[in-house]
Amino acid sequence: MIVVIEGIDRVGKTTLARKLVKGGFTYLKDEFILSKEFITSFDDYSVGKCDSFLAVVRQLNDEGKNVVIDRLHITELVYGKTKRGKCNEAACHALDMELANMGALLCLVEPADLELSNRLANDDQTKMCGLFSYYTSVSSMPSVVTNFERLDATADYILRVAYKYDFYFASPFFSPEQVEREERMICHLRGLGFSVFSPKESCHLDAKASADSRKEVFESNCKAINSARAVFAVTDGKDMGTIWEAGYAYGINKPIIYYAETLGDNQFNLMLAQSGRDVFTSQKEVTRGALVDLLNGSTRTFRGDIE
């Protein structure tokens, strides 16, 4: 999913972007738009830079990455008109159409208090505020309009649209004990109101499976990790597949929550402790409130000893 965040200065755009980054989005900011003074033939420079930027966005989108863009073409339209007195509207509208074709969502952050935003920005942004509203209304992209007071709700809405599942459940299921724990914890998470992808429920593979079947299951599981807000990884049994799934999740900036029910007073692995947002050691610790906080970006340092 691609999200383009637009709006005047000092309204909460970057704050919203950071909330999405904590949810696994890749952050991009096209700073050239506001960092340059008037340049001869700035139209050509602007269009070329937007094209290059869009190529990066397109590649990330093709790879299945979720991307949040802090300012782009609507900022160019608004600030080009108000600060430079010129902008290439045709190129910006073409970029808008291409983003729409890629399924991008436009999010306009409006000021909760325009006078306060103006004071913080040391600028009268009244005209710019109106232009942002206008260009959002005529954009080809579906749009969401919010303000600083509604950023949490907006971020939650975007994350639920972006991800098919709340959790990818990574766990061994090769013994009666492992199966009992896996099924019990999945039931617990769903009982708390979360959507869960279970490889055991979704993929069936025996030891003599064909190469094509193995590839299909592998790619299906990777796709499910990409489609989840976070990975819930059970470390009991030290299953190699589960650890690989957690490593893959960390590599794509996916939040990881570890569950070590049989850890007791034993040491926990350093690399896992550092890569996860939390380590739960009992089912009673796994509450809806705790999980919502973790999905929204909170972290808690592992309290026990490490190895």
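The values are calculated or read from the model by the stated rules, or taken from the named source; none is laboratory data. This structure is a prediction, so every number in the text was calculated from the model and none was measured. Note that each Cβ is placed from the backbone with ideal geometry, even for glycine, and that neighbours are counted across all protein chains shown. Quick note on the areas: whole protein, heavy atoms, side chains included, nothing else; ligands and nucleic acids left out. Shrake-Rupley method; radii C 1.70, N 1.55, O 1.52, S 1.80 Å.
Taking Gly85, is it out of contact with any strand residue (DSSP E or B) (no Cβ under 9 Å at 6 or more places or on another chain), open to solvent by 60 Å² or more (accessible area, probe 1.4 Å), of a type in the set (Gly, Ala, Ser) and at positive phi? Don't jump to the end; show me each part of the working.
Working: out of contact with any strand residue (DSSP E or B) (no Cβ under 9 Å at 6 or more places or on another chain): yes; open to solvent by 60 Å² or more (accessible area, probe 1.4 Å): yes; of a type in the set (Gly, Ala, Ser): yes; at positive phi: yes.
In short, yes.
Testing Tyr250 on (1) over 26 Å from the mean Cα position of the chain (by Cα); (2) not in a loop (DSSP other than H, G, I, E, B), one condition comes back false. Which one is that?
Evaluating Tyr250 over (1) over 26 Å from the mean Cα position of the chain (by Cα); (2) not in a loop (DSSP other than H, G, I, E, B) leaves (1) as the failure.
When both residues are 6+ apart or on different chains and their Cβ atoms are under 6 Å apart, which pairs have a first residue that lies in the range 1-23 and is at positive phi, and a second that is surrounded by fewer than 19 Cβ atoms within 10 Å (Cβ to Cβ) and small (Gly, Ala, Ser)?
Arg10/Ala121
Hey, among Met128, Met185, Met141, which residue is open to solvent by less than 30 Å² (accessible area, probe 1.4 Å) and assigned to a loop (DSSP other than H, G, I, E, B)?
Values: Met128 fails: assigned to a loop (DSSP other than H, G, I, E, B); Met185 fails: assigned to a loop (DSSP other than H, G, I, E, B).
Residue meeting the stated conditions: Met141.
Check the range 234-243 and report whether any residue there is open to solvent by 40 Å² or more (accessible area, probe 1.4 Å) and closer than 30 Å to Asn61 by Cα.
Checking the range 234-243: at least one residue is open to solvent by 40 Å² or more (accessible area, probe 1.4 Å) and closer than 30 Å to Asn61 by Cα.
Could you give every pair whose Cβ atoms fall below 9 Å, whose first residue belongs to the range 253-265 and is free of Cβ contacts under 8 Å to residues at least 24 places away in the same chain, and whose second residue is open to solvent by 10 Å² or more (accessible area, probe 1.4 Å) and assigned to a loop (DSSP other than H, G, I, E, B), counting only separations of at least 6 or pairs across chains?
Close Cβ pairs satisfying both conditions: Gly264/Thr281.
How many residues does the range 64-82 hold that are under 17 Å from Lys13 (Cα atoms), in a helix (DSSP H, G or I) and either free of Cβ contacts under 8 Å to residues at least 12 places away in the same chain or in contact with a Ser or Thr (Cβ under 8 Å, 6 or more places away or on another chain) (or both)?
2
Of the residues Gly297, Gly193, which single one is at pLDDT 95 or above and small (Gly, Ala, Ser)? Before the answer, list the steps.
Numbers: Gly297 fails: at pLDDT 95 or above.
Just one listed residue meets the conditions, Gly193.
Can you list residue pairs whose Cβ atoms sit under 9 Å apart, with the first residue in the range 188-199 being over 13 Å from Ala170 (Cβ atoms) and the second being in a loop (DSSP other than H, G, I, E, B)? Count only pairs 6 or more apart in sequence or on different chains.
Pairs that qualify, where the first residue is over 13 Å from Ala170 (Cβ atoms) and the partner is in a loop (DSSP other than H, G, I, E, B), are His188/Val286; Leu192/Val286; Leu192/Thr287; Ser195/Tyr163; Ser195/Lys164.
Can you tell me which residue within the range 144-159, out of those that are open to solvent by 40 Å² or more (accessible area, probe 1.4 Å) and either free of Cβ contacts under 8 Å to residues at least 40 places away in the same chain or at positive phi (or both), is farthest from the chain's Cα centre (by Cα)? Let's see the steps before the verdict.
Step one: of the range 144-159, the residues open to solvent by 40 Å² or more (accessible area, probe 1.4 Å) are 145, 148-150, 152-153, 156-157.
So of that shortlist, the ones also either free of Cβ contacts under 8 Å to residues at least 40 places away in the same chain or at positive phi (or both) come out as 145, 149-150, 153, 157.
Numbers: Val145: 19, Glu149: 20, Arg150: 18, Ala153: 15, Tyr157: 12 Å.
Looking at the filtered set, the residue picked out is Glu149.
If you scan the range 102-120, which residues turn out to be among the small types (Gly, Ala, Ser) and more than 16 Å from Arg71 (Cα to Cα)? Don't jump to the end; show me each part of the working.
Filtering the range 102-120 down to residues among the small types (Gly, Ala, Ser) leaves 103-104, 112, 117.
Within the range 102-120, Gly103, Ala112, Ser117 meet the criteria.
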